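> Got a structure here, written out as structure tokens. Questions coming.
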């Protein structure tokens, strides 16, 4: 399952500094929902494969190699990823924190939606969209609620 941009325009937004938990943002860096997805997939593939190349992203995300190459170049120029001499992609500290944040959002939202009775495939798809637009405050409250529900074994 690959999350797609929120719209054809793939509107940018400034990353909330609270999400980054202390990572300093030099300028007002903007990242697109699709950029967040690339970072999230690099993180997931890194956990699964150990080392990640652009071709791994292309295979798992279903995008062409040229599209992946452009995205990698953009994310590298913004300081979110680095490519080593062997061609492997590595998340920088800020890239990793963004990826982990959106991966957590995706997991919590998917779990919460399936707990509510939404089928897994629909929950995954909707979580992909919601993770990019939900405020930090709202996400934290949903996360707390989900943890309480899980802790007490109750369903709403």
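> Evaluate E = 1/(1 + (r/R0)^6) for residue 151 and residue 59, where r is the Cβ-Cβ distance and R0 equals 35 Å; express this FRET efficiency to the nearest 0.05. Please report the intermediate quantities before stating the final value.
Numbers: r = 38 Å, r/R0 = 1.08.
Efficiency computed from Cβ-Cβ geometry: 0.40.
> Neighbour counts of other C-beta atoms within 10 Å: give me 121, 94 arranged from fewest to most. Spell out each step's value before the answer.
Numbers: 121 9, 94 21.
Final ranking by Cβ density, sparse to dense: 121, 94.
> Over the Cα atoms of the stretch 66-156, what is the Rg over Rh ratio if Rh follows Kirkwood?
On the way: Rg = 16.6 Å, Rh = 15.0 Å.
Radius of gyration over Kirkwood radius for the stretch 66-156 works out to 1.11.
> On a full-extension model of 0.36 nm per residue, what is the gain between residue 133 and residue 119, subtracting their alpha-carbon distance, rounded to one decimal in nm? Write down the numbers at each step before the final one.
Numbers: separation 14, 0.36 × 14 = 5.04 nm, distance 2.13 nm.
Gain on extension, residue 133 to residue 119, equals 2.9 nm.
> Along the Cα→Cβ direction, 7 angstrom out, place labels at residue 70 and residue 141. What is the inter-label distance in nm?
Each label point is offset 7 Å from its Cα along the Cβ direction, giving 3.9 nm.
Rule-based calculations on the coordinates, nothing more; no lab input. Values in this document were obtained by computation on a predicted structure and should not be read as measured data. With ideal geometry, Cβ positions are generated from the backbone for all residues, glycine too; neighbour counts draw on all protein chains shown.
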